[in-house]
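A short worksheet on the structure shown next.
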Amino acid sequence: MTGVAHSLYPDQDRTLAKPNYSYEKRQKELAKERKKQEKLQRKANKPEGGAADAQTLEDAPAEPSAGEAENSLPPEGT
């Protein structure tokens, strides 16, 4: 023997596969762009002038009911 270390698989390269950071970065950018487009689409489909906000305020009770008011008070004796 000449002192050269031989591997069990001489045809195999000894380096590990390198992560493809540019692919991961591109996928992240595409996901970010999709999310941005979806947000713009939601804004475009939203009614103008906050009409939905006014409607939800009309549906909500202005004053809490008696049961809710009792639960919101701190306990007595503290």
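Readers should treat all values here as calculations from the given coordinates under stated rules, not as data from a laboratory. This structure is a prediction, so every number in the text was calculated from the model and none was measured. Glycine gets a Cβ as well: all are built from the backbone with ideal geometry, and neighbour counts include every protein chain shown.
Points worth noting:
- Neighbourhood net charge (14 Å Cβ-Cβ; Lys/Arg +1, Asp/Glu -1) for Q27: +3
- Low-density loop cleavage sites - GluC sites (Glu not before Pro) in the range 15-49, where at most 13 other Cβ are within 10 Å (DSSP): none
- Integer Hz, Karplus 6.51/-1.76/1.60 couplings in order for the range 31-43, x for Gly and Pro: 5, 5, 5, 4, 4, 5, 5, 4, 5, 5, 5, 4, 5
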